[in-house]
Every structure is written in structure tokens, then in C-alpha cells.
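Comments concern the structure below.
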Ligand code: NOJ
């Protein structure tokens, strides 16, 4: 068997640049900070870094409001720093994935500034969605669409003479005007941007809000049961076919879609052979800590990926969701973008135990896996940030009813016993852009290194074994086979003899005799796997006779 293409089984680390490592002491992470920590990432055992947007940006939405797609935010460094990082990553065996934001740009982008300066009907405005308002004075938005961040999806412009002008569409914040993808200039521009970065050695593109780019040009009102006029429209796929053609002109480059869609059939369409390589698995992330429901999501995921011929991806956390240590420590362990609930009490010890178990479950599944920076340290959601420090537009646009996403974006603790915990240099001019909890002194990289019971050492070992075991890393398409297990327990094999057991039940589970323990997420007692604990076993005694044609996820 030859090895699979790298992206089918990669362990990919989401690096949230402003919160990773601050080399120049301004309280904001930067690319020289990342460069200095590349040995940490290499030793962790990851295969690729996905960088959150690193472009110049007024940061109205933490960089997802891009002012220039071909440059680096001066707060992060320079294009030379990015080039050096890409090249140096490669010397460590780490590939680079960047975040492209094609649905919208910043209101400071030169195209949008030109559009504002141009009169209604001008070509500069046709790259966006400008429309006159309704009502006698035009003071009612062109339609009733709502922004995903709260409030109307339209903002009115002011003409140079100070009179109110046309409105423009923004599905996110007003500082993020939506591009009009029916305009050929927009399409040509983004294909050129892809080439710009592929030419610099970037290995993959994470496509932000990937299902939202095209809109029904009639901009209709949305009635109950109507198909969305601005999400997952059939014509969005033409864009990705063109992008795939660009990627195919290079070697080993991948397109990864950020797509939140409930309908697996619609979802799978993005994975057709001439579109994206992989998509994020949000049903898995949102799933509660419940064996039956997880099994259903795993089976569903594998079935539709197998049909598409694409590898599954597995993700527990990212920069948009509550950290899973906290989620798993609540009474309701599920997650929904529309219901972050910081009023539920959190049992951090329980959440941490489950997060450890979830890490082994996740890393044993067929496909690639995403880690969000800090999950390897067991960081929790910081729910008590002072309101005046919060930056997320969701917090501001919902009047604080939604706590937003700042709590998962707090800068990493590296070393020492007090903030900034080595995130910034000792003589830093400014504190970290979001305050770190003092309790994180126990979770620094320094504190966890060499502690065999730490989350960091668990991740290091799991990633090392995942890479070394052919059935996991090298041949990520090796099927998984469920074994019979009591309610609340998940048991499956990968390849011949490698077995993962996750005990989500309330009772200890007896492990199969004569199996060697490769790695356990918690202490085992007398051959019993305690609740909320997972283990990787080798079972030389029970080779699986796998009939030809057995599909991933197929049951015994
Ligand atoms: C998805 C990104 O992950 C999120 O952080 C951002 O706010 C929206 N897309 C808008 O770009």
C-alpha cells in the first residue's frame, strides 16, 4: 500500500495568530512569535498549521474583515515573515494552510472604498450588493434579511454631500460588506489571490463561510420553508470548480470548506471530485458527549464521505465555539452556534476528563483531525472576561445576550506563574489583548511538559502513536469496525488489532483480556476502564477477518 495524500489523514493545528505568541511585546501574537515556537509544534507532532486570517484588517471581526488579501497585517509582521514561516514550516515537515475569506471583505478594502466614492449604478458598486432603500425616503432596508451577528443585514451609506444614499448588504457585521459573486471581476480576483498564495508555497486554503457566497439576485424576502436565498445555492459550486482547477495546477494543494449545513446530501455536494478536498465536520463538534449520538454522527459522516470518495474530518473545537473542556463539563454537553450558554455551571474536572477521552476517540477515527490551539493544554472557555475587554461583534451586536467568542480566544499560557505566562516577552509594552486567568499557571506548556498526567503529554503521545501506527496516520482510509459493546461504550478496531474503547457510561467497563494498552486517557484499575475514559489497545490475539468490500463504519 502506498501512503495516502497528506491531507487525507493529517493532524492540523488551528493557529489563532493574535493569541499564539507575541514576539514584539504589543500584546498581540505575531508571525515571529509563531516562528520561534515552530519547534514546539513540530514536537507536538502536527502535520499542518491552519492560520487564522493574517491579512491587514481593522479587526472588526478579528481579521475576518480583510482589507488586503495579498499582504500581512503589520501587527503580525511582513510578507517576508510569512514566506520565512512557510519555508521553515516545511523544513519541520509542517505544511501551511491559510484562511481565505471570500464572502465579504473589510469596509476598508480599496474596492469597497472605491464603491462608496462612486455613484449608484457605477461599476465599482457592482462588485458588492448596493440597493436603494424602500419607502418614500428610502429609509427602509431593501429587504428584511438579518445579519448572522445580529441586527439587519443592510447598512445605509451617506453620499458625499451628506445625504443618505444606497444601502449595502453584509451578512455579518456592517464592516464586512458582501461581495457580489455574480460579478466576473470578483471571481477573477479571488482566483488570482489563490495563485498568489500557492506561488508562495501555501499548501491549503480554508474557505471561510464557504456556502454563502452566491445570492439570489432578486434578493427576495425569506418566507417560512423557503430555500435560503443566500446560503448553499446551487450556483456556488461553479466557484469551487474553478478554484479546484487552480489548485490542480499545483501539486498537493487542498481546498477545505467551512460549511455549517444540517443536510448531509447537500453537504456532500461540496466534496465532488472537482470541488473541495475536505469539509469541516461540525455535526461531530456539536454532538453531545453521548455514545449513541456520537456513534450516529460517526457512521453518518463516514457513509457520506465514502460515497463522495473524500476523507472525513474530525474537530472538537475552534475559534468560534466554546472550548470543549467547558462544554463537556456542563449539564448540556451539546453545542449550537445560536445558543452559547455561559449561565450553566461548569465542572472543569469532569470536562477535562471527558476532553481527554474525546481526544483519543477523535484521533482514532479514519480521516484527518483538527486541533484548536490550547486544546492540547486543556484550556477552558474563559467565561468571566470583563465586558470592556470583549471584542467580538457578536457580543456587541446582540447587546451582550450572546457572550460571543472571546472566551475561546484568550492568549496561550507558555511559562511562568503569572500573566502574560510567556505569551509576550518580559519587558512587553502592553498586556495580552485579552486577559488570561491566573489559574492558567497550572496549564502552561512549561508546567505540563514532562508531567505524564498532563493534557499536553497525552496529546504528544497520541499524535506520536497516531503517526507511527500505519492504520491511523499513514493509511487514514483504513476502515473502522464497531465491536459489540454495552450502552454508553464505543469500541472499534482500526486495521488488524488496533482498538479504541471509549467509556461514556456511568459504570467501569472491563477491557478485553490480553490486550496491550498503548495509551489511556486516565488511570485504569484492575483491567477496568473508568467512566469518561478512553484507551487505545493492541489486540494481537484477535485479528479481524475483514471480508473484501467492507465499508468504513460497517458493523460486525
Ligand atoms: C467564520 C469564521 O470562522 C468566523 O470567525 C467569522 O466571524 C465568520 N466566518 C465571518 O467571516
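The values are calculated or read from the model by the stated rules, or taken from the named source; none is laboratory data. Here the structure is a predicted model, which is why all the values come from computation and not from measurement. Virtual Cβ from ideal backbone geometry, glycine too; neighbours counted across all protein chains shown.
The set of residues in segment 97-120 that are within 16 Å of the ligand (Cβ to nearest atom) and either touching a strand residue (DSSP E or B) at 6+ places or on another chain (Cβ under 7 Å) or under 15 Å from residue 181 (Cβ atoms) (or both) comprises 97, 98, 99, 100, 101, 102, 103, 104, 105, 112.
Apart from one condition, residue 52 fits all of (1) away from the ligand (no atom under 16 Å from the Cβ); (2) at negative phi; the exception is (1). Residue pairs whose Cβ atoms lie under 7 Å apart, sitting 6 or more positions apart in sequence or on different chains, and linking a residue in segment 386-406 that is at positive phi to a partner that is in a helix (DSSP H, G or I) and within 14 Å of the ligand (Cβ to nearest atom), are 404/394; 404/395. All conditions but one from (1) buried (at least 22 other Cβ atoms within 10 Å of the Cβ); (2) within 16 Å of the ligand (Cβ to nearest atom); (3) under 23 Å from the mean Cα position of the chain (by Cα) apply to residue 203; the one that does not is (2). When you scan segment 295-305, do you find a residue that is part of a loop (DSSP other than H, G, I, E, B), closer than 20 Å to residue 364 by Cβ and either over 17 Å from the mean Cα position of the chain (by Cα) or within 16 Å of the ligand (Cβ to nearest atom) (or both), even just one? No, segment 295-305 contains no residue that is part of a loop (DSSP other than H, G, I, E, B), closer than 20 Å to residue 364 by Cβ and either over 17 Å from the mean Cα position of the chain (by Cα) or within 16 Å of the ligand (Cβ to nearest atom) (or both).
For segment 446-454, state whether one or more residues are out of contact with any strand residue (DSSP E or B) (no Cβ under 9 Å at 6 or more places or on another chain), on the phi > 0 side of the Ramachandran plot and either touching a residue at least 40 places away in the same chain (Cβ under 8 Å) or outside any loop (DSSP other than H, G, I, E, B) (or both). No, there is no match, as no residue in segment 446-454 is out of contact with any strand residue (DSSP E or B) (no Cβ under 9 Å at 6 or more places or on another chain), on the phi > 0 side of the Ramachandran plot and either touching a residue at least 40 places away in the same chain (Cβ under 8 Å) or outside any loop (DSSP other than H, G, I, E, B) (or both). Go through the residues of segment 207-216 one by one and say whether even a single one is within 16 Å of the ligand (Cβ to nearest atom), crowded, with 20+ Cβ neighbours inside 10 Å and not in a loop (DSSP other than H, G, I, E, B). Scanning segment 207-216 turns up at least one residue that is within 16 Å of the ligand (Cβ to nearest atom), crowded, with 20+ Cβ neighbours inside 10 Å and not in a loop (DSSP other than H, G, I, E, B). Taken together, the criteria place residue 123 among residues that are surrounded by fewer than 18 Cβ atoms within 10 Å (Cβ to Cβ), out of contact with any strand residue (DSSP E or B) (no Cβ under 9 Å at 6 or more places or on another chain) and in a loop (DSSP other than H, G, I, E, B).
Among the residues of segment 140-162, is any touching a strand residue (DSSP E or B) at 6+ places or on another chain (Cβ under 9 Å), under 23 Å from residue 391 (Cβ atoms) and assigned to a loop (DSSP other than H, G, I, E, B)? The answer is yes; a qualifying residue exists. Among the residues of segment 141-188, those that are under 26 Å from residue 224 (Cα atoms), away from the ligand (no atom under 12 Å from the Cβ) and at pLDDT below 95 comprise 150, 151. Listed by first and then second residue, the pairs with beta-carbon distance under 8 Å, at least 6 apart or on different chains, first residue in segment 466-478 and closer than 13 Å to residue 11 by Cβ, second at pLDDT below 90 and part of a helix (DSSP H, G or I), are 466/472; 466/473; 467/473; 467/474.
Among the residues of this structure, residue 252 counts as one that is in contact (Cβ under 8 Å) with a residue 12 or more places away in the chain and on the phi > 0 side of the Ramachandran plot. Selection of segment 62-113 for residues being assigned to a strand (DSSP E or B) and within 30 Å of residue 168 (Cβ to Cβ) yields 98, 99, 100, 104. The set of residues from segment 230-272 being part of a helix (DSSP H, G or I) and modelled with pLDDT under 95 comprises 264, 265, 266, 267, 268.
Would you call residue 43 within 16 Å of the ligand (Cβ to nearest atom) and more than 16 Å from residue 197 (Cβ to Cβ)? Even if it seems obvious, please write down each step before you answer.
Details: within 16 Å of the ligand (Cβ to nearest atom): no; more than 16 Å from residue 197 (Cβ to Cβ): yes.
No.
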